[in-house]
Amino acid sequence: MNLPNQLTVARLVLTAVFVACFYLPLPHHISVAALVFGVASATDYFDGRIARARGIVTNFGKLFDPLADKILIAAAFIVLVERGDLPAWVVVVMLAREFFVTGIRLIAAGQGAILVAEKLGKHKMLWQIITVSWFLVKQASGEALFGFTRPFYAATPGWVADSIVYFTTLLTLVSGFSYFWKNRQLFNDA
């Protein structure tokens, strides 16, 4: 297994570690979970960059890289809903988009095609990472490791977080519709 695919698999493992850290009743567990989420998010950047630079783009990577992204982001958003940081409807919209795009990829695979992630989807992922990171660090600001961020979050008006959430949700919807539109030929037999 090449390095980019190893990073993709590592992201899946780190997702489990992130969730476990978040719920373990240990000191600084949210800070550790935030750091693990950051490392897992970084693997998304590096696996694609390395694969393209070395010319080792594989079908495994094309399929599992976006799947690993979806699992990481879904886990993080579900945790944030449970903690009361995000309204459930936002996460339902984001998860629905992910299932929708996965369905399109499955239809394409059934027709012998593998669809790669698009730039708008990559921007969507970046903003989802920013959104999750915002709330994770805000929660971790009550712990020593991220305590230095407490004054920032205390001084930031609530509309800033709301704007991040709504922008990310809108971008998620737009990228889903764009993905469908670019691949609408897959549904010609419907």
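The values are calculated or read from the model by the stated rules, or taken from the named source; none is laboratory data. Please read these numbers as outputs of a predicted model, since none were measured by experiment. In this analysis, Cβ positions are derived from the backbone assuming ideal geometry, glycine residues included, and neighbour counts consider all displayed protein chains.
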The number of residues in the stretch 52-66 that are touching a residue at least 40 places away in the same chain (Cβ under 8 Å), among the hydrophobic types (A, V, I, L, M, F, W, C) and assigned to a helix (DSSP H, G or I) is 3
Selection within the stretch 18-66 - closer than 17 Å to ILE78 by Cα and surrounded by fewer than 16 Cβ atoms within 10 Å (Cβ to Cβ): ALA20, TYR23, LEU24
Given the residues PHE135, PHE177, which is the only one that is closer than 27 Å to LYS62 by Cβ and of a type in the set (Phe, Trp, Tyr)? PHE177
Residues of the stretch 171-184 being more than 15 Å from the chain's Cα centre (by Cα) and assigned to a helix (DSSP H, G or I), which ones? VAL174, PHE177, SER178, TYR179, PHE180, TRP181, LYS182, ARG184
Read through the list (1) within 22 Å of VAL165 (Cβ to Cβ); (2) of a type outside the set (A, V, I, L, M, F, W, C); (3) within 16 Å of the chain's Cα centre (by Cα), then give the number of the only condition that GLU82 fails. (3)
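Residue-by-condition table, conditions (1) touching a Phe, Trp or Tyr at 6+ places or on another chain (Cβ under 8 Å); (2) crowded, with 16+ Cβ neighbours inside 10 Å; (3) farther than 26 Å from VAL19 by Cα; (4) not hydrophobic (A, V, I, L, M, F, W, C):
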{"position": "VAL132", "(1), (2), (3), (4)": "yes, yes, no, no"}
{"position": "ALA140", "(1), (2), (3), (4)": "yes, yes, no, no"}
{"position": "TYR153", "(1), (2), (3), (4)": "no, yes, no, yes"}
{"position": "PHE167", "(1), (2), (3), (4)": "yes, no, no, no"}
{"position": "LEU171", "(1), (2), (3), (4)": "yes, yes, no, no"}
{"position": "PHE177", "(1), (2), (3), (4)": "no, no, yes, no"}
{"position": "LYS182", "(1), (2), (3), (4)": "no, no, yes, yes"}
Determine whether the stretch 111-125 contains at least one residue that is polar (S, T, N, Q), within 16 Å of LEU170 (Cα to Cα) and in contact (Cβ under 8 Å) with a residue 40 or more places away in the chain. no
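Within the stretch 1-31, which residues are among the β-branched types (Val, Ile, Thr) and either free of Cβ contacts under 8 Å to residues at least 40 places away in the same chain or over 22 Å from ALA140 (Cβ atoms) (or both)?
THR8, VAL9, VAL13, VAL17
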If we scan the stretch 79-89, do we find a residue that is surrounded by fewer than 15 Cβ atoms within 10 Å (Cβ to Cβ), of a type in the set (Lys, Arg), in contact (Cβ under 8 Å) with a residue 24 or more places away in the chain and on the phi < 0 side of the Ramachandran plot? yes
Given the criteria among the hydrophobic types (A, V, I, L, M, F, W, C) and under 21 Å from GLY48 (Cα atoms), does ALA155 qualify? no
Restricted to the stretch 53-76 and to residues being within 22 Å of GLY112 (Cα to Cα) and of a type in the set (D, E, K, R), the residue modelled with the highest pLDDT is ASP65
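Which of the residues that make up the stretch 76-110 are of a type in the set (D, E, K, R) and within 14 Å of THR172 (Cβ to Cβ)? First the steps, then the outcome.
If we filter the stretch 76-110 for residues that are of a type in the set (D, E, K, R), which is where we start, we get 82-83, 85, 97-98, 105.
Scanning the stretch 76-110 gives ARG97, GLU98.
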Among the residues of the stretch 90-104, the number that are over 17 Å from MET125 (Cα atoms) and surrounded by 15 or more Cβ atoms within 10 Å (Cβ to Cβ) is 1
